[in-house]
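Here is the structure we will look at, set down as structure tokens.
What follows is calculated from the coordinates using simple rules that are stated; it is not laboratory data. Keep in mind it's a predicted model, so treat the numbers as computed, not measured. Methodologically, a virtual Cβ is constructed for each residue, glycine included, from the backbone with ideal geometry; neighbour enumeration extends over all protein chains shown.
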Amino acid sequence: GPIRLADYRPTDYLIDTVDLDVRLDETATRVVARLRLRPNPLGRAGAPLMLDGGDLKPLRIVLDNQPLDLAKVATPNSLRIADPPRSAFTLEVETELNPSANTRLEGLYRSNNAYCTQCEAEGFRRITYYLDRPDVMAVFTTRIEAARDEAPVLLSNGNPVESGEAGPGRHYAIWHDPFPKPCYLFALVGGDLGSIHDTFATASGRKVELGVYVEKGKEHRAHYAMESLIHAMRWDEFVYGREYDLDVFNIVAVSDFTMGAMENKGLNIFNDKYILAIAETATDADYAHIESVVAHEYFHNWTGNRITCRDWFQLCLKEGLTVYRDQEFSGDQRSRSVQRISDVRALRAAQFPEDAGPLAHNVRPDSYREINNFYTATVYEKGAEIVRMLRALIGHDAYHAGMALYFERFDGKAATIEDFLSCFAEASGRDLADFAQWYAQAGTPRLRVTGAYDAQAQTYTLKLKQATGPTPGQPTKKPLPMPIRIGLVGRDGAEIALAQEQPWSRREEQFGVFELAGAERTIVFKNVPTPPVASVNRRFSAAVIVEQDLSDDDLLLLMAHDSDPFNKWQAAQSLATRLMVRSTAAIRAGDMPVFSDDFADALAAALENHQADPAFAAQMAALPTENDLARDIGDNVDPEAIFLARKALRDGIGRRLSQRLLAVYDQLQSDAAYSPDAASAGRRALRNACLDLFAAGNHAEGAEIALTQFQRAANMTDKMGALSALSRLPTPTREKALEFFYRAHCDEPLIIDKWFSLQATIPEPDTLARVKRLTRIHAFNIATPNRVYALIGAFANGNPLCFNAANGEGYLFVADLALEIDSVNPQVAARLLSSFRSWRNLEVERRGRAEQALRKVSETTGLSPDLRDIVQRALA
Ligand code: ARG
Ligand code: ZN
């Protein structure tokens, strides 16, 4: 059955210290674990000791120098000692592992001929028997031994203590981590790796040796990651007063990694796509991801490691908070408004559909069957939005006072969401009991906004009303406290000063952030000289769906004049959405799609007015995606009609604005050497967006310009911008350019991933055949998560037209692949199958086909717990 939050109780035993001795071998690694245990005063006296194992092969088990009978106490998945000593004792266990056969990428495995580990959430039990849960915190000392030429680099958590010879051709290194930690933060690495080094002096003068380890020969691609790390370390001191606490901080990049990266204490291990970058191999978006993931993992040192989670239900305690921190960091490094827009885009693309479908769950779930399936956009991204809303409600000062309390009170502890919120309740003097409901209730609230102007009284009345629809297992919902940032824009485009009829709270007065505490609120503004347009939920202050009674003209006004860049962008998105949703309905009724010259012209004006922030203009140019439109439509979704509607708008814009788009494109041409900074990246983004729209309306000329850009490009951003525009034009040129690109980069898997994704997202009928063909080429490998995400993930999530082909072949393809991958890497299989999360919203025929594919999976025997959990919830 499922594991429930309500059933939490402390362990019967604690582990104080762990001494690991790991002798690395490709197929027969030996691990000796010496655990100092003692009864937990909070546990049941005399209870049996039950340790977790995962497919382990035990060789020897010794309790206080007494060898135990393996057959009596151990199975591959557990170790049970019926009557352990009533005071402290030592358990020594030797296990043998085969890292080369470990394709699950949990526990100890090999990637590019190096040894590495991934223990979160429950991988440590695949190394040795343990109390594998985050509230068991121990001090680890790790001795690693290996053949010197196979693994000259030996790393683990904490500080290096000792190293030396270990017999002919062999050597060892000992690492000691003084900070007690749960085993999910354990890591070790061994291999013949290249590295770059730097140092960092903390505010209080500690000197920290920094290292970034990569595949040999790629050291020159690690510098941006190192710079990002140093910026992150400085930022956390400056903004949160958090200093680093060990003598070394190491990052290792590996090519086989299920997730983005891992915050192991003092030894972060990364998917190499979030470390490696030079102009020739990485796009501006890659650089931005590197900056944010490096910061994210570093920030975990305080929010995750020094203060960890009591149990896995509290995952959002570390992840939501750390995502919020990394988003703010990136906002400070780049453009705040552009960062906010891209974070909200990501939230809407990944979390909103999750929240609106069968996989919806609380930010803090009540129960789970497989914890790995809860590393979700809801836990991470919605979790971050909750912290952001908390801060908006209590204000900057109380937020930081609360964080200071949190660090002080819970340092070295395994904490809960209640612990976290108690600090802010105390710092702000507010009761946060209602706010806590954000963690306990799934679904995205809808905020209905209606406005009425009274010319006589010169007042404007704004009504806010929230409601959240049912989600699986939660038929009724409570209203949630939410901060709504509001401004009024006059017909002339000028901001109208807010003067409220009733008394204001101080924060409302200072910042225009209004608190919606219950289901409804009416706000009356006075001294409003002319009918205003309300700009509501500025900066996306609350993570909700706003439904506001704005006319097309109102949206055009906000698009041109809103002083809040987020809502300026939002107005363009809303108007474009409205046009395309109308077109979708028209197309389904056999009519022509609609077009708006006014919208196109307003868009052109925004792009031409790019000097202040070209990255922002590029965001304006990016129309809502097909998936965005499907979500807006909500049910009875016809992906083909949506595709045609969006295509019609893009083509129309490209045709109407062709000269204006080309003019901006030409203005932004630059011969300067590549620099990944935000301003330069913004200019490239806008230029590529102009090319993309231009080509949509002018195929022949667009293909020509794109080809020229492709041939001349001196950096990957411009090359991919060109190839991306080309890939949407079904011409022989496209195939030649794709072929050329492949030959130029076929020995660079991370670049070939871009090539896979581009092709997987071509919205044409024969794309599935193309993707199937690509799965058979040498560069593809279902055992490497990055390849699967780049090709199959891109097809399932980024090509709604083909994934949702009416005959169901897209569904079957993805379902079959998930089944095939399941025996290799269950986590990747489960992630892939999550692409079905919105299947219930489809029109009836496709819904039936999607269900067939899901049934095929659910009826297969021998599914992993991971895949079984997803398919069962998807079908429930
Ligand atoms: N804690 C990591 C991060 O967010 C994620 C690792 C989770 N891995 C997993 N296999 N569930 O930074
Ligand atoms: Zn994280």
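Hey, what does the equivalent ellipsoid look like for region 346-460, semi-axes from the Cα gyration tensor as sqrt of 5 times each eigenvalue, largest first, whole Å? Don't jump to the answer; show the numbers that get you there.
On the way: eigenvalues 174, 118, 24 Å².
So the equivalent ellipsoid measures 29, 24, 11 Å along its semi-axes.
Let me have the 222 nm mean residue ellipticity of the chain computed from DSSP H runs of 4+ only, each contributing -39500 (n - 2.57), with the sum over all residues rounded to the nearest 500.
Working: 30 runs with 349 residues, N = 876.
That calculation yields -12500 deg cm²/dmol at 222 nm.
Stretched out fully, how many nm does the piece from residue 742 to residue 671 gain, at 0.36 nm a residue minus the Cα gap? All intermediate terms of the calculation are to be shown ahead of the outcome.
Values: separation 71, 0.36 × 71 = 25.56 nm, distance 2.55 nm.
That pair, residue 742 and residue 671, stretches by 23.0 nm at full extension.
Would you mind calculating the gained length between residue 766 and residue 396 on full extension (0.36 nm times residue separation, minus the Cα-Cα distance), in nm to one decimal?
On the way: separation 370, 0.36 × 370 = 133.20 nm, distance 5.32 nm.
Contour length minus the Cα-Cα distance gives 127.9 nm.
In whole angstrom, how far apart do the alpha carbon centroids of region 408-433 and region 531-571 sit?
Taking the Cα centre of each part, region 408-433 and region 531-571 sit 34 Å apart.
Can you give the FRET efficiency to the nearest 0.05 for residue 45 and residue 700, using r as the Cβ-Cβ distance and R₀ = 60 Å?
Values: r = 82 Å, r/R0 = 1.36.
For residue 45 and residue 700, the calculated efficiency is 0.15.
Over region 730-876, what lengths in whole Å, largest first, do the semi-axes of the equivalent ellipsoid take, defined as the square roots of 5 times the eigenvalues of the alpha-carbon gyration tensor? Present the calculation step by step, with values, prior to reporting the outcome.
Details: eigenvalues 150, 69, 20 Å².
Semi-axis lengths for region 730-876 are 27, 19, 10 Å.
For residue 415, which sequence-distant residues (separation of 5 or more, or a different chain) have an amide H within less than 5 Å of its own amide H, given hydrogens modelled in the peptide plane?
Counting only residues 5 or more places away or on other chains, the set is 308, 309, 310.
Measure nothing but the geometry: give the 0 to 90° angle between the long axis through the Cα atoms of 749-760 and the longest principal axis through the Cα atoms of the chain, rounded to 10°.
Approximately 40 degrees, to the nearest ten.
So for 4, 125, 36, fewest C-beta neighbours within 10 Å to most, what's the order? If you can, show how the numbers build up before the last one.
Working: 4 12, 125 24, 36 16.
Arranged by neighbour count, lowest to highest, 4, 125, 36 become 4, 36, 125.
Quick one: if you stick a label point 7 Å off each Cα along the C-beta vector at residue 551 and residue 501, how many nm between them?
Computed distance between label sites residue 551 and residue 501 equals 2.3 nm.
Between rounded, prolate and oblate, where does region 172-258 land on the alpha carbon gyration tensor, with a ≥ b ≥ c its root eigenvalues, rounded for a/c under 1.5, else prolate if a/b exceeds b/c?
Details: a/c = 1.79, a/b = 1.24, b/c = 1.44.
Judged from the Cα gyration tensor, region 172-258 comes out oblate (a/c at least 1.5, b/c at or above a/b).
How about residue 382: which lysines have a C-alpha closer than 20 Å to its C-alpha, ignoring those fewer than 8 places off in the same chain?
Within the straight-line cut-off, residue 382 pairs with 318, 477, 478.
Tally Lys/Arg at +1 and Asp/Glu at -1 over every other residue whose Cβ is under 12 Å from the Cβ of residue 433; what's the total? Working shown, then result.
On the way: positive: 430, 478; negative: 418, 431, 434.
Within the 12 Å Cβ shell, the charges total -1.
Starting at 0 and stepping by 10 Å, how many percent of the alpha carbon pairs of the chain end up in each bin?
Taking every Cα pair in the chain, the percentages come to 2, 12, 21, 25, 21, 12, 5, 1, 0, 0.
Taking a cut-off of 25 Å between Cα atoms, list the lysines near residue 207, but don't count ones fewer than 8 places away on the same chain.
Output for residue 207: 181, 265.
Please work out the FRET efficiency for the pair residue 6 and residue 453, using the Cβ-Cβ distance as r and a Förster radius of 60 Å; give the result to the nearest 0.05. Provide the component values of the computation, followed by the final result.
Values: r = 50 Å, r/R0 = 0.84.
Using R0 = 60 Å, I get an efficiency of 0.75.
Measure out, as a whole number of angstrom, how far apart the alpha-carbon centroids of region 803-821 and region 615-639 sit.
Rounded to whole Å, the Cα centres lie 23 Å apart.
What does the charge count near residue 479 come to, summing +1 for each Lys or Arg and -1 for each Asp or Glu among other residues with Cβ under 12 Å from its Cβ?
Details: positive: 446, 465, 477, 478, 521; negative: 434, 515, 520.
After counting each charged neighbour, the total is +2.
At what distance in angstrom do the alpha carbon centres of region 668-729 and region 177-238 lie from each other?
34
Pull up all non-local amide H partners of residue 715: gap of 5 or more, or a different chain, and H-to-H distance under 5 Å with H placed in the peptide plane.
Here the answer is none, since no amide H 5 or more places off falls under 5 Å of that of residue 715.
Using modelled amide H (1.01 Å from N, peptide plane; none on Pro or chain starts), what sits under 5 Å from the amide H of residue 60, excluding residues fewer than 5 places away?
Distant-sequence amide H within range of residue 60: 94.
Starting at the first residue of region 628-633, write each ³J(HN,Hα) from the Karplus equation 6.51 cos²θ - 1.76 cosθ + 1.60 with θ = phi - 60°, in whole Hz, x for Gly and Pro.
Using θ = phi - 60°, the values come out as 4, 5, 4, 5, 5, 5 Hz.
Give me the net charge for the shell around residue 718: Cβ to Cβ below 15 angstrom, other residues only, Lys and Arg +1, Asp and Glu -1.
Numbers: positive: 683, 684, 687, 712, 719, 754; negative: 280, 284, 286, 666, 671, 692.
With Lys, Arg at +1 and Asp, Glu at -1, the neighbours total 0.
Report the rotationally averaged projected area of region 205-359 based on its alpha-carbon convex hull, in square nanometres. Kindly include the intermediate steps, with their values, before the conclusion.
Details: hull surface 41.4 nm².
Seen from a random direction, the Cα hull of region 205-359 projects 10.4 nm² on average.
Give me the distance in nm between label points sitting 7 Å out from Cα along the Cα-to-Cβ direction at residue 636 and residue 346, one decimal.
The modelled label-to-label distance comes out at 3.6 nm.
Output wanted: per-residue J couplings in Hz (rounded whole) for region 73-86, from phi through Karplus 6.51 cos²θ - 1.76 cosθ + 1.60, θ = phi - 60°, x for Gly and Pro.
Those phi angles translate into 10, 10, 10, x, 10, 6, 10, 10, 10, 5, 9, x, x, 7 Hz.
Sorting 482, 50 on the 10 Å Cβ count, fewest up front, what's the list?
Numbers: 482 23, 50 15.
Ranked by crowding around the Cβ, least crowded first: 50, 482.
Rounded if a/c is under 1.5, else prolate if a/b beats b/c, else oblate: with a ≥ b ≥ c from the C-alpha gyration tensor eigenvalues square-rooted, which is region 653-758?
Numbers: a/c = 2.12, a/b = 1.18, b/c = 1.80.
Because a/c hits 1.5 or more and a/b fails to exceed b/c, region 653-758 counts as oblate.
Using θ = phi - 60° and the Karplus curve 6.51 cos²θ - 1.76 cosθ + 1.60, what whole-Hz ³J(HN,Hα) does each residue of region 776-785 get, with Gly and Pro shown as x?
Computed from phi, the couplings for region 776-785 are 9, 7, 4, 5, 8, 7, 5, 7, 9, x Hz.
Return the tail of the calculated pair distribution for region 369-526, meaning the percent of Cα-Cα pairs more than 27 Å apart. The partial results should precede the final answer.
Working: 4458 of 12403 pairs.
Percentage above 27 Å: 36.
What list do you get for 165, 547 if you sort them by fewest beta carbons within 10 Å? Kindly include the intermediate steps, with their values, before the conclusion.
Values: 165 10, 547 13.
Starting with the residue having the fewest Cβ neighbours, the order is 165, 547.
Mind listing which trypsin sites (Lys or Arg not before Pro) in region 723-790 are in a DSSP loop and have 10 or fewer other Cβ atoms within 10 Å? Before the final figure, lay out the partial values.
Values: sites: 728, 734, 736, 743, 754, 770, 772, 773, 776, 787; in loops: 728, 776.
Those that pass, being in a loop and sparsely packed, are 776.
Taking just the alpha-carbon atoms of region 436-500, what radius of gyration and Dmax come out, in angstrom?
Answer for region 436-500, Rg first and Dmax second: 16.4, 49 Å.
Decide, for region 291-380, between rounded, prolate and oblate: order the square roots of the alpha carbon gyration tensor eigenvalues as a ≥ b ≥ c, take rounded if a/c falls under 1.5, and otherwise choose prolate if a/b is larger than b/c, else oblate.
Values: a/c = 2.97, a/b = 1.22, b/c = 2.43.
Oblate, because a/c is 1.5 or more while a/b does not exceed b/c.
Which of 800, 811, 276 sits farthest toward the positive end of the charge dipole of the chain, with +1 on the Cβ of Lys and Arg and -1 on the Cβ of Asp and Glu?
The listed residue farthest towards the positive side: 811.
I'd like the orientation of helix 639-656 relative to the chain: the angle between its Cα long axis and the longest Cα principal axis, in ° from 0 to 90, rounded to 10.
Result, in degrees: 60.
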